[in-house]
Amino acid sequence: MGVLNAFKFRMNTLAIVLIPVCIAIDWAGHALAQALHLFFLDSIGTVLGGLLAGPWVGGLAGLLTNILSSGSTDPIAWSYCGVAFAIGVVAGIGGYYGWHKTWPGRIILYVLIVLAASIISTPINIGLYGGGSGVAYGDAMYAALVKSGWPTWLAAYLDEASADIPDKFITVVVATAIYFGLPNRYRALFSVWRRSPGEPEPAPAR
Amino acid sequence: MTEPALIFDKVGYAYEESPREAVSDISFSVDPGEWVGVTGPTNAGKSTLCLLAIGLAPHFFAGTLRGTVTALGKDSRSIKVIERSTDVGLLFQNPFTQISGARERVDDEVAFGPECHGVARAEVVERVDEAMRLVGISELAARNPLDLSGGQLQRLALAGLLAMRPRVLLLDEPTSQLDPAGTAAIFEVLANLHSMGTTIVMVEHRLEALCELCPRIIAMAAGRIIADGAPADVFNDDAVISKVGQPVFARLAREAGVTGPWPVQFQGAVSAFERARA
Amino acid sequence: MRGGLSLYVEGNSLLHRAHPFTKGVLMLSAVALAFIVPSALWVAGILVVLLILGTVAGLSRRLVTGAVAVVVPLSLLIFAVQGFANPANRTVVFALGPIVYYKEGLAFAGFVVLRIACLVVATFLFSFTTRPADISEALMQSGLSPSMGYVLQSALQIIPQTLDMAVRIQDAQRSRGLETEGPLHRRARAYLPLMLPLVLSSLLATQERAMALEVRGFGLSVKRQSRYVFADSTPQRVTRWLMALAPPAAVVARVAGWQ
């Protein structure tokens, strides 16, 4: 069973109620980041949702964050909803194994989130913008690399990764800080999805 | 003699993360149509009592339940909270967390519960109108719930419960976050519901309000019931006086040297002072 | 601020009245086609069709201003990058000192920008003519679980509320000397104290909200009665199918040699 157990779909009311809150945290995190001129930071809620309540909650929060922002501020965002979904799923796997609780685990979590985000974004960037990422400094690097003979896909990947590496670092740090800022009793309410298959399904939450 | 609406039989409950029982040895029953006030200091176990009565403990908060809790003939262990939501309603303290957060209009918000239960459309409309009228928010029907004041929101939350037509209504400090006007409005609605035969169990720390409204009061301390009876008896009990206190009328009368039993209601206080002056 | 999330514009046009799925399929297949067709002329054709639809819906001005605001900044970047660095660049157009611009790259950039314009216009067209609440209602009527319907509706309500709160916290902190300028590490350090109070309170509220929802029967597997039924029709269904089949057909045509 292993990691597949984390993907068993068992959402209690609390997990469902958490999803919209995570989406709102994504939005608020992004808005505050804009005010401080700090990268994107639009997946803190997604990562937090994954850590607390598993890959489905994280994934759905990410997916819907992007789709809803397409409906208002950023019409292009929905093209990237798969990226946000993957970030939530990776955070959910991390939450399942408790990566966020140890320093090596946090590094693994961070690296995997950066990889998921950058690897999935790159082909979308190539399809959409012909290679750039729509961010000025990254695109300047892209242009310089391609001009000096690098393959476009590699330049496009580095362009994207140059944004993801700092952005996801702050995201993971803030999301784990929030996680550990929550009372124990509250975090425990979500633990149902971490139970192994042999364990009896207990009362819906705790 | 009809069957009681709510029976606690030697109930003890410990939350999973705590070694100590939050409530112990709780036994009482509430007859249909009664209005019972529950009071006590912080951590007396009043909220746990409400969670147990509706079944959120142990169905939402896991823990160890001793004894049995029976509401309208059904053991809380055997029925899920969502299944009994048309029988028993629970109003929480915070008006903001109780609205579903998913509806843009007040009347749609009230319809949320009946819709979850698959009530037919025409009946939903009828129930929503009735519930909004009962709590006096009919004129707010088209507003966004998020634009309402705390007092209006709490009445909206109550309407959301009433649209399910519960026979037993539990209220956990329903007015603790409201202003005086909002509080008065909620109490007026409850008095009206009481006169229509709804069974009400209300946790409340404002002793004066409790004594005016509830014919019966249960006082709790440290997870146990320390008194259960008419307001005048409960608040003349030494254990209650030391752990819970007394309504302001009784304190005034005592301070003024009036001999006990001390009055617990406004009218009682008026006559007690008149007697003392005479 | 409230309701600030939806771009819906009241109206009674054909597009406004169409079933949400019809508009959804229209948007998705227009975007897909824009990325399948072989030349800029075809993409321009799709863009024109979308703009005509928008004009019929009485939204031409909003559509154009909205799209220009999004597309122009992006296109400047794309022209700058591709005209300079596209690997196919051969023919010099002009030079700004050491930076030389080529015809091939600029042409490619034009193609890319047209496609993005299609994407943006199609998305706006959908958002302008469809109430978010209608989307979740339509999805639920076609079998989306009420829980997921709740997630959508609730997100639409909570986001503006949380953004309001974010603005308030920011104002409060600014009066206490929050630094929105200055070096990166200082701004990054200011971020967490802004986020924490906001996030903790909204997370902790979920516990009571979840209980309150269960008390109202949320999560029962009961057949839910629809609040209103969307007008759907055979022509609409046929249109949907045709539009849904267009992108795969275009792919087949491309594979078969459509240049």
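Structure values in brief
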{"read-out": "Top-ranked residue in the range B:65-88 [being away from every other protein chain (no Cβ under 11 Å) and not in a loop (DSSP other than H, G, I, E, B); ranked as nearest to B:Pro166 (Cα to Cα)]", "value": "B:Ala71"}
{"read-out": "Any hit, the range C:240-252, residues being among the hydrophobic types (A, V, I, L, M, F, W, C), part of a loop (DSSP other than H, G, I, E, B) and touching a residue at least 60 places away in the same chain (Cβ under 8 Å)", "value": "no"}
{"read-out": "Qualifying residues in the range C:105-139 (those that are touching a residue at least 40 places away in the same chain (Cβ under 8 Å) and of a type in the set (Val, Ile, Thr)) - the one farthest from C:Val151 (Cα to Cα)", "value": "C:Val113"}
{"read-out": "Residue tally, condition of a type outside the set (Ser, Thr, Tyr) and in a strand (DSSP E or B), over the range B:1-25", "value": "10"}
{"read-out": "Test: residue in the range C:115-136 that is surrounded by fewer than 21 Cβ atoms within 10 Å (Cβ to Cβ), more than 10 Å from chain A (Cβ to nearest Cβ), modelled with pLDDT of 90 or more and assigned to a helix (DSSP H, G or I)", "value": "no"}
{"read-out": "Qualifying positions in the range B:89-98 - assigned to a strand (DSSP E or B) and within 8 Å of chain C (Cβ to nearest Cβ)", "value": "B:Gly89, B:Leu90"}
{"read-out": "Residue in the range A:35-47 that is over 13 Å from the mean Cα position of the chain (by Cα) and of a type in the set (Val, Ile, Thr) present", "value": "no"}
{"read-out": "Helices (runs of 4 or more DSSP H) completely within the range A:73-166 that count 1 or more residues being of a type in the set (Val, Ile, Thr) and within 27 Å of C:Phe124 (Cα to Cα)", "value": "A:81-97, A:103-129"}
{"read-out": "Single residue of the range C:181-202 satisfying the filter (within 29 Å of the chain's Cα centre (by Cα) and under 21 Å from A:His37 (Cβ atoms)) that is modelled with the lowest pLDDT", "value": "C:Ala188"}
{"read-out": "From the options C:Gly54, C:Gly11, C:Gly24, C:Gly58, residue that is modelled with pLDDT under 95 and out of contact with any Phe, Trp or Tyr (no Cβ under 9 Å at 6 or more places or on another chain)", "value": "C:Gly58"}
{"read-out": "Conditions (1) farther than 24 Å from A:Ala177 by Cβ; (2) more than 24 Å from the chain's Cα centre (by Cα); (3) part of a loop (DSSP other than H, G, I, E, B): number failed by C:Phe230", "value": "(2)"}
{"read-out": "Filter pass, B:Ala102 being crowded, with 23+ Cβ neighbours inside 10 Å, under 18 Å from the mean Cα position of the chain (by Cα) and assigned to a loop (DSSP other than H, G, I, E, B)", "value": "no"}
{"read-out": "Among (1) under 29 Å from A:Ser191 (Cα atoms); (2) hydrophobic (A, V, I, L, M, F, W, C); (3) out of contact with any Leu (no Cβ under 6 Å at 6 or more places or on another chain); (4) not in a loop (DSSP other than H, G, I, E, B), the one test that B:Val38 misses", "value": "(1)"}
{"read-out": "Criterion violated by A:Tyr97 - all others in (1) at negative phi; (2) surrounded by fewer than 24 Cβ atoms within 10 Å (Cβ to Cβ); (3) at pLDDT below 90; (4) within 14 Å of chain C (Cβ to nearest Cβ) satisfied", "value": "(4)"}
{"read-out": "Subset tally (residues that are over 24 Å from A:Gly58 (Cβ atoms) and facing chain C (nearest Cβ under 8 Å)) for the range A:146-184", "value": "3"}
{"read-out": "Search result, residues across the range B:99-151 that are within 13 Å of another protein chain (Cβ to nearest Cβ) and at positive phi", "value": "B:Gly101, B:Gly118"}
{"read-out": "Residue that is farthest from the chain's Cα centre (by Cα) [pool: residues in the range B:257-272 that are of a type outside the set (Val, Ile, Thr) and surrounded by 13 or more Cβ atoms within 10 Å (Cβ to Cβ)]", "value": "B:Ala272"}
{"read-out": "Options C:Leu178, C:Leu106, C:Leu204: the member that is more than 7 Å from every other protein chain (Cβ to nearest Cβ) and in contact with a Phe, Trp or Tyr (Cβ under 7 Å, 6 or more places away or on another chain)", "value": "C:Leu106"}
{"read-out": "Verdict on A:Ala61 being at the interface with chain C (Cβ under 10 Å from one of its Cβ atoms) and in a helix (DSSP H, G or I)", "value": "yes"}
{"read-out": "First in the range A:19-44 and more than 9 Å from chain C (Cβ to nearest Cβ), second anywhere and in a loop (DSSP other than H, G, I, E, B) and among the aliphatic types (A, V, I, L, M), Cβ under 8 Å, 6 or more apart", "value": "A:His30/A:Leu41"}
{"read-out": "Which listed residue, of C:Gln170, C:Gln161, C:Gln157, is at the interface with another protein chain (Cβ under 8 Å from one of its Cβ atoms), closer than 30 Å to C:Gly54 by Cα and either assigned to a loop (DSSP other than H, G, I, E, B) or of a type outside the set (Lys, Arg) (or both)", "value": "C:Gln157"}
{"read-out": "Any hit, the range B:259-266, residues being part of a helix (DSSP H, G or I) and either more than 23 Å from B:Pro95 (Cβ to Cβ) or modelled with pLDDT of 90 or more (or both)", "value": "yes"}
{"read-out": "Those helices (runs of 4 or more DSSP H) lying entirely in the range B:121-224 with at least 1 residues farther than 18 Å from B:Gly33 by Cβ, modelled with pLDDT under 95 and within 13 Å of the chain's Cα centre (by Cα)", "value": "B:150-162, B:180-195, B:207-213"}
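Quick grid of which residues meet (1) within 23 Å of the chain's Cα centre (by Cα); (2) of a type in the set (A, V, I, L, M); (3) modelled with pLDDT under 90; (4) surrounded by fewer than 19 Cβ atoms within 10 Å (Cβ to Cβ):
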residue	(1), (2), (3), (4)
A:Val111	yes, yes, no, yes
A:Ala117	yes, yes, no, no
A:Lys147	no, no, yes, yes
A:Tyr157	yes, no, no, no
A:Tyr179	yes, no, no, yes
A:Pro197	no, no, yes, yes
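Residues checked against (1) modelled with pLDDT of 95 or more; (2) surrounded by fewer than 22 Cβ atoms within 10 Å (Cβ to Cβ); (3) of a type outside the set (Lys, Arg):
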residue: A:Ile16; (1), (2), (3): no, no, yes
residue: A:His30; (1), (2), (3): no, no, yes
residue: A:Ala35; (1), (2), (3): no, yes, yes
residue: A:Phe40; (1), (2), (3): no, yes, yes
residue: A:Val47; (1), (2), (3): yes, no, yes
residue: A:Gly54; (1), (2), (3): no, no, yes
residue: A:Pro75; (1), (2), (3): no, no, yes
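The values are calculated or read from the model by the stated rules, or taken from the named source; none is laboratory data. Since this is a predicted model, take the numbers as computed values, not measurements. All Cβ positions, glycine included, derive from the backbone under ideal geometry; neighbour counts span all protein chains shown.
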